[in-house]
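Visitor: Sharing a structure below in structure tokens format, with a few things to ask.
Quick note: the coordinates plus some simple rules give every number you see, no bench work behind them. Remember, predicted model here, so these are calculated numbers, not experimental data. For neighbour counting, all protein chains shown are included, and Cβ atoms are generated from backbone atoms with ideal geometry for every residue, glycine included.
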Amino acid sequence: MKCDLPIELLSGYLDGELDEQQKARVEAHLKTCPACQEELESLRRIDQRVRDRVFEEPSREFVFTLNRRIMDKIRVAPRRSLFRLTPIFAPVAAGLLILVILINISPSKKNAGINDRVIYQKLEPQQLLPISIPEPRIAQTTTQMKRAAYHDREKALAAGAEEDRITEAAELRDMDEIETTVQKREQVVRAIIDTNGTIIKVATGNSLIPEKDTMLENELSGQQLAPPMIAGQKKQIYVEVATEAKEE
Amino acid sequence: MYNKVESDEALIKAVKNGDCESFNPLIERYKLPLYKVMYRMVLNRDDAEDLVEEAFIKAYRSIKRFDTGRPFYAWLRRIAVNNAINFLKKERRNLTEPLEFVEKSLSNSRNDPVAITEQKALTERINQAMLKLPREFRTVLSLKIEEDLSYDEISQLLKIPKGTVMSRLARARQKLKQIFDELEVH
């Protein structure tokens, strides 16, 4: 534009966002300024181009499974209180759940990926011990099962399910997902362990989409854990390792 | 399961009273509009889908604080946009948009191969141009042009003064015009 009308006014005029005084000023100017008339038309065309661009449709998975995925996460949330209320029972139930899942998860399930919604796998404590995350970023690592997502929640949490029924729920054959997390979360470390038990990828962050942590990955990758076994077969798994500054 | 169409307000009240199942119709109702907002911000399908999921979960976890008298979608969109802004800030990789989807999308909607080819090429150039815009510009432009929000709404959504919205939009359009010229988008 070669005249002195601020572009903000022309843009605001296009959006119908000017007050009466500003609007009158722009309209008076446009009557005598072909360059600004052309500029205004040009801005209109730009807006139209942006509006008209082709839109990428969401995936079928998004359309058909998003509700279930979200609802599964929402439904499991209240169960946290069970573990808080039953400090003795919870570890026992958690252990049973792990055992059943290790037996029942099909080896044909998809492999893990940092950015995927994949099978989270709880490791036995002795398997976690070899993980050594350098100070001062992480003082100690612990994991604790906090919730389990079930493929068929109606079965798993039949009405009236109580603490002493967790064991029954654990026996369901169609459980397909386990999430591990921690009670006192400061920073979450997620790692992919390959079939030989070697850490191959590491990500951090508390969001649902973890960020690849190159520094930590460099420090941790190659560390050896016991090879994860699921249903009698070696399997690459995705673990969420939580950190606590101080263990109680 | 949900035979009657219940208002957002009724559903949210039910959720607040502990009926988490009432959140499901809200997901169904708003997942696609929200996906479009997210997609326009991040220009990547997978990221947009993840951000929608995160937004719903965050909304559910904050539902107790939601004022039932206000429009739910506007509140949900605010959560989603803020989340997407944080995501974009953290995003280190260069945004490069694969455009195979263009052909796929167009083939469903048109039969004229010439028109398809032309629109595909045009969309490709427009998306390239949008990707070249600074993130702040792309966000305000998308909220204004594609979501048709007012300056006041954008100001509240992005927590920036209304005057900043005005100047960002003007500069975004100027910048986009330059890029269009370079890419020969007419």
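Visitor: Mind scanning B:Lys90/B:Lys177; B:Lys144/B:Lys175; B:Lys132/B:Lys159; B:Lys16/B:Lys58 and naming the pairs with a C-alpha gap bigger than 18 Å?
Guide: Going by Cα-Cα distance, B:Lys90/B:Lys177; B:Lys132/B:Lys159 fall outside the 18 Å limit.
Visitor: Further question: Estimate the FRET efficiency between B:Val5 and B:Phe66 by the formula 1/(1 + (r/R0)^6), using the beta-carbon distance for r and 30 Å for R0, to the nearest 0.05.
Guide: 0.90
Visitor: Note the full-extension length gain between B:Thr117 and B:Asp148 as 0.36 nm times their separation in residues minus their Cα-Cα distance, in nm to one decimal.
Guide: Between B:Thr117 and B:Asp148, full extension yields 8.3 nm more.
Visitor: Once you order the gyration tensor axes a ≥ b ≥ c over the Cα atoms, which shape class does the range B:1-93 get: rounded for a/c under 1.5, otherwise prolate or oblate by comparing a/b with b/c?
Guide: Note, shape of the range B:1-93 comes out prolate.
Visitor: Let me know the mean shielding of B:21-27 by other chains, meaning the per-residue number of their Cβ atoms within 10 Å of its Cβ.
Guide: 3
Visitor: Suppose R0 equals 30 Å. What FRET efficiency, 1/(1 + (r/R0)^6) with r the Cβ-Cβ distance, do B:Asp19 and A:Val63 give to the nearest 0.05?
Guide: With a Förster radius of 30 Å, E is 0.75.
Visitor: Using r as the Cβ-Cβ distance of B:Leu32 and B:Asp181, and R0 as 35 Å, what FRET efficiency do you calculate, to the nearest 0.05?
Guide: That gives a FRET efficiency of 0.55.
Visitor: Which value in nm describes the separation of the simple spin-label points at A:Ala28 and A:Cys3, placed 7 Å from the Cα toward the beta carbon?
Guide: 1.2
Visitor: Could you give the nm distance between label points at A:Arg44 and A:Ser221, where each point is 7 Å from its Cα heading toward the beta carbon?
Guide: 5.5
Visitor: Can you give me the distance in nm between label points at B:Lys89 and B:Lys132, each placed 7 Å from the Cα along the Cα-to-Cβ direction?
Guide: Each label point is offset 7 Å from its Cα along the Cβ direction, giving 2.8 nm.
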